[in-house]
Amino acid sequence: MKAEQFSRNVLALDPDNIRFVGVMEKSGHLYASATKNGTEEYLKGRNPEISLAQSVYIVDLRKMFTQELGNLTAVVYSYDKVKLISLPVKEHVLVISVEPKVGTDQIVEKIVKYIKSVESELSLYPPSNIINEEKKEALRNLHHSGISEELIAEQLDLDVNTVKMLIAEIK
């Protein structure tokens, strides 16, 4: 299942309370999402992008405590107007916005149960068409120069698995 369908399916788990679902790379790039019709956007300009990128960064930071605390299930931010939930899924982060009245434990439990039921079918890597031609050309040149996939990912601000997928498409 691709990221776009996965986002729509998560939104459908509780369409009255889930406002937005997005799949993000560790680099902070949102490449698939679903939004409930009629949802008011509270953040304007670049603020949604900044908020989402910070969510990914915080999930990645919190993973450093896995040995002591166990696996990270979710990070929840609760505001007056909305609750934001971030869940690690494979090498990506699922970001979700829900209505403020929602019990986050119940919604997280429902989403985690769904993720586990479809995890083996998930293919969350972004389609190559989200990366512009200039970046593809840079990736191609770096790869042909013998630079490692990890360094290419760091240089181009991409997830290493996305780099691997794009290199496979190039071949």
Given the criteria hydroxyl-bearing (Ser, Thr, Tyr), under 16 Å from the mean Cα position of the chain (by Cα), under 19 Å from SER33 (Cβ atoms) and loosely packed, with under 14 Cβ neighbours inside 10 Å, does SER123 qualify? yes
Name every residue in region 73-107 that is acidic (Asp, Glu) and part of a loop (DSSP other than H, G, I, E, B), in order of residue number. ASP80, GLU91, GLU99
Considering TYR42, TYR114, which residue is modelled with pLDDT of 90 or more and either among the small types (Gly, Ala, Ser) or outside any helix (DSSP H, G or I) (or both)? TYR42
Since ASP60 meets every condition but one in (1) under 18 Å from THR162 (Cα atoms); (2) in contact with a Pro (Cβ under 9 Å, 6 or more places away or on another chain); (3) in a loop (DSSP other than H, G, I, E, B), which condition does it not meet? (3)
For the condition farther than 24 Å from THR35 by Cα and exposed (fewer than 14 other Cβ atoms within 10 Å of the Cβ), what is the one hit in ASP157, ASP105? ASP157
Being at pLDDT below 95, surrounded by 17 or more Cβ atoms within 10 Å (Cβ to Cβ), more than 18 Å from THR35 (Cβ to Cβ) and over 15 Å from the mean Cα position of the chain (by Cα) is the requirement here; does LEU139 meet it? yes
Yes or no: ILE131 surrounded by fewer than 17 Cβ atoms within 10 Å (Cβ to Cβ) and of a type in the set (A, V, I, L, M, F, W, C)? no
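The values are calculated or read from the model by the stated rules, or taken from the named source; none is laboratory data. On a predicted model such as this, the values are computed, not experimentally measured, just so you know. For neighbour counting, all protein chains shown are included, and Cβ atoms are generated from backbone atoms with ideal geometry for every residue, glycine included.
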